[in-house]
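As structure tokens, the structure follows; a few thoughts come after it.
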Amino acid sequence: MRKFLIPALIVASVAAPAAAQDRGGYDSRRGGAGIERQIDQIEQQIDRLRDRRLISSSESQRLARQAEQIDRLHDRYRRDGLSRREYSDLEQRIQTLRQRVQAERREGRYDQRGRR
């Protein structure tokens, strides 16, 4: 019993501090699952704004293409694991897209033909 208990305690004492390290929101092991969630949220927001006619159809298509470009870039980065630089790049692009979505939303309502 002691043969198993002592090595198990050693492994547990070494693994606990490593697992508790703060990665600043970045985790290369997860492949950027938070990035995917953020992109999905932006795409859903774009769809809702279009459905409520707060942005035009053409604007929603343009914003959706930008979200898709970020998603494709994320897939490309993720193939060999996200570096901190790549993660930061994706976060910056997502933040910029969020700002564009909000700016378009503030501009006003559109009718069915995409006119204000």
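The values are calculated or read from the model by the stated rules, or taken from the named source; none is laboratory data. All values reported here derive from a predicted model rather than from experimental measurement. Heads up, the Cβs are rebuilt from the backbone with ideal geometry, glycines too, and the neighbour counts pull from every protein chain shown.
Listed here are the residues, each with its yes/no results for (1) touching a His at 6+ places or on another chain (Cβ under 7 Å); (2) over 16 Å from R98 (Cα atoms); (3) surrounded by fewer than 20 Cβ atoms within 10 Å (Cβ to Cβ).
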{"site": "Q41", "(1), (2), (3)": "no, no, yes"}
{"site": "Q44", "(1), (2), (3)": "no, no, yes"}
{"site": "R53", "(1), (2), (3)": "no, yes, yes"}
{"site": "R62", "(1), (2), (3)": "no, no, yes"}
{"site": "Q66", "(1), (2), (3)": "no, no, yes"}
{"site": "H74", "(1), (2), (3)": "no, yes, no"}
{"site": "R79", "(1), (2), (3)": "no, yes, yes"}
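Can you tell me which of S88, S60 is in contact with a helix residue (DSSP H, G or I) (Cβ under 6 Å, 6 or more places away or on another chain), at negative phi, among the polar types (S, T, N, Q) and modelled with pLDDT of 95 or more? Result: S60 is the single residue among S88, S60 that is in contact with a helix residue (DSSP H, G or I) (Cβ under 6 Å, 6 or more places away or on another chain), at negative phi, among the polar types (S, T, N, Q) and modelled with pLDDT of 95 or more.
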